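The values are calculated or read from the model by the stated rules, or taken from the named source; none is laboratory data. Since this is a predicted model, take the numbers as computed values, not measurements. Backbone-built Cβ (ideal geometry, glycine too); neighbour counts: all protein chains shown. Heavy atoms of the whole protein, side chains included, go into the accessibility calculation; ligands, DNA and RNA do not. Shrake-Rupley method; radii C 1.70, N 1.55, O 1.52, S 1.80 Å.
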Amino acid sequence: AQSVTQLDSQVPVFEEAPVELRCNYSSSVSVYLFWYVQYPNQGLQLLLKYLSGSTLVKGINGFEAEFNKSQTSFHLRKPSVHISDTAEYFCAVSFSSASKIIFGSGTRLSIRP
Amino acid sequence: EPEVTQTPSHQVTQMGQEVILRCVPISNHLYFYWYRQILGQKVEFLVSFYNNEISEKSEIFDDQFSVERPDGSNFTLKIRSTKLEDSAMYFCASRDGETSYNEQFFGPGTRLTVL
């Protein structure tokens with residue numbers, strides 16, 4: 001069965017420090033990979049997506065993620081975080097062009113001044 | 001920029017009552033989805049809808065749930081007899097039929113509170 005695992009439920013970091021949010025997936029077929037962000041009391045916003053091609057994907061707000069097929073990972077990174085990055089981040093996969101999206105359990109990123 | 005809209009933003013209902021959550025997908029989109037997020041938990045898929053019929057549904061989507069596209073713009077989720085455990089944020093999503101990848105655009109959600 002396909003699944004998504006986010007290894008950290010919470011990640012506290014200091015402002016302007018780098019951050020990595022980890023995501024691993026399980027699938028026997030090719031996948032599309034996504035990171036979504038949910039700001040407090042808001043909906044889901046797409047940060048970035050991996051479809052094919054270059055394994056390094058750049059998204060909005062300075063975030064990037066690297067697809068590693070051998071490790072079945074899709075970790076999200078930002079070199080310098082800001083207070084405004086405080087949010088819940090969800091890694092997600094889908095397995096065809098029209099199928100459901102399967103979400104991970106989320107990582108709450110909290111930024112300390 | 002076109003966006004998915006949902007109404008109401010917050011719905012409070014008594015257990016056993018019927019609720020209808022409404023969504024207006026992006027106008028040229030062909031695939032529609034409902035997801036829910038129980039407070040503090042992950043987002044879960046409920047149902048997908050294409051060409052006026054359900055294409056996939058999860059085990060959560062039991063006989064109490066139904067979806068409909070009553071006209072050319074709205075996409076609704078009905079819960080016939082709400083239970084306490086139906087309290088959650090419900091997200092609608094849509095995607096077009098032309099791109100080869102599965103980018104779904106999410107609405108802001110409806111928070112359903114069942115008392």
Here the qualifying pairs (Cβ atoms under 7 Å; residues six or more apart or on different chains; first in region A:31-44 and of a type in the set (S, T, N, Q); second at pLDDT 90 or above) come out as A:GLN38/A:ALA87; A:GLN38/A:GLU88; A:GLN38/A:PHE90; A:GLN42/B:PRO108
In region A:79-110, what residues are open to solvent by less than 20 Å² (accessible area, probe 1.4 Å) and in contact with a Pro (Cβ under 9 Å, 6 or more places away or on another chain)?
-> A:VAL81, A:ALA87, A:LEU109
Flagged in region B:82-96 as at pLDDT 95 or above and more than 10 Å from every other protein chain (Cβ to nearest Cβ), in numbering order, are B:THR82, B:LYS83, B:LEU84, B:GLU85, B:ASP86, B:SER87, B:ALA88, B:TYR90
Any idea which residue in region A:25-56 is nearest to the chain's Cα centre (by Cα), counting only those that are under 20 Å from B:PHE106 (Cα atoms), of a type in the set (Ser, Thr, Tyr) and not in a loop (DSSP other than H, G, I, E, B)?
-> A:TYR36
Provide a single number: the residues in region A:45-64 that are in contact (Cβ under 8 Å) with a residue 24 or more places away in the chain and touching a Ser or Thr at 6+ places or on another chain (Cβ under 9 Å).
-> 1
Any chance A:PHE67 is open to solvent by less than 30 Å² (accessible area, probe 1.4 Å) and either within 10 Å of another protein chain (Cβ to nearest Cβ) or farther than 21 Å from A:PRO12 by Cβ (or both) | yes
Of the residues that sit in region A:75-113 and are hydrophobic (A, V, I, L, M, F, W, C) and part of a loop (DSSP other than H, G, I, E, B), which one is farthest from the chain's Cα centre (by Cα)?
-> A:ALA98
Looking at A:GLY59, is it open to solvent by less than 10 Å² (accessible area, probe 1.4 Å), within 13 Å of the chain's Cα centre (by Cα), closer than 20 Å to B:GLN104 by Cα and not aromatic (Phe, Trp, Tyr)?
-> no
Hey, any hits in region A:50-62 for a residue that's polar (S, T, N, Q) and modelled with pLDDT of 95 or more?
-> no
